[in-house]
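The structure appears below as structure tokens.
Nothing in this text is a laboratory measurement; each read-out follows from the coordinates by a stated rule. Just so we're clear, the structure is a prediction, and the values are computed from it rather than from any experiment. Virtual Cβ from ideal backbone geometry, glycine too; neighbours counted across all protein chains shown.
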Amino acid sequence: MASAEPEVVFKKETVSKVLTMFFKDEKTKVSSDAVSLMAEMLKIFAVEAARRAIKQAENEDCDVVDLEHVEKILPELRFSGGRVISLPGTALTPHIWWMQWNRSSSHDCTGVNWEVQECGDVW
Amino acid sequence: MDENESHSQRLRAAVHYTVGGLCQGAAAACGRDISRQAIAAVAETTFRQCDIFAKDLEAFSRHAKRQTVTTDDVKLLARRSTALSNFIQQKSEELAIHNQELKEKRKKNATKRKSKDMEENEAAEGGTEN
């Protein structure tokens, strides 16, 4: 199950600079540890988005994940409280599906049967 | 303003690069290809999400009357999902352990260097000094 490839991560320097750039107050700083944690958060966010787009493409029987698939899942990519949804069967990296897939949404034309469970284990 | 723009562009590119790698990895794991436009969209979304994260983090730290964003602020950011929150907590603990180990290592090296310096000072007594 372990991947032999080098892990892709956000560079601490990049994360630090991006966050600082978006701070309203130029005096606001970020601690080194906070930067490390944010790098993890961003990685989860990006992988989450990619995974959902891939799932969308799969449901449409497309071999290539394209812009339209990303666009379809973007509206749902929002913080949402409480429940965590995990994709059954995939266990390559910790998939912390923090965003709740809104099954009743008009955007959901995929007829996906999401397995809803609390994601207790992580790595 | 041009300087700010190019700075922003460079950071965007850096984020894009990493997101690209992450997307390729995720797609490959599912046996699919992902188009460049799709990657660009995910990268742009991630970049914009940084704005939201940054503003939230800044608000949290200001609320705590601090000027430096700390891990506590990041933990607050992750509070909405139990699994995410646990994950961040775990990472935070790993970091703390790592920092502690570094600290002890430095301490050990410092005392080693100190005794070494003392010996060298005694030997260099009377010689040229900076």
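Only Cα pairs within less than 10 Å get springs; with that Gaussian network setup on chain B, which residue of B:18, B:68, B:111 has the largest fluctuation? With Cα springs under 10 Å in chain B, the top fluctuation among B:18, B:68, B:111 is at B:111. Between the range A:19-54 and the range B:73-130, the C-alpha centres lie 24 angstrom from each other. Every helix of 4 or more DSSP H residues in chain B counts as -39500 (n - 2.57), and over all residues that averages to -29000 deg cm²/dmol at 222 nm. Label separation (residue A:21 vs residue B:72): 3.0 nm, computed from points 7 Å beyond Cα along the C-beta direction.
Modelled label positions at residue B:44 and residue B:109, each set 7 Å beyond Cα in the direction of Cβ, lie 4.5 nm from each other. Seen against the Cα atoms of chain B and their longest principal axis, helix B:36-63 is set at about 60 degrees.
Taken over the range B:1-121, the ratio of Cα radius of gyration to 2.2 N^0.38 Å equals 1.56.
Which of these, B:59, B:29, B:40, has the largest mean-square fluctuation under a Gaussian network model of chain B (Cα springs below 10 Å)? For chain B, modelled as a Gaussian network with Cα springs under 10 Å, the answer is B:29. For the residue pairs A:17/B:107; A:29/B:65; A:27/B:65; A:12/A:43; A:24/B:65; A:29/B:103, alpha carbon separations beyond 19 Å are given by A:17/B:107; A:29/B:103.
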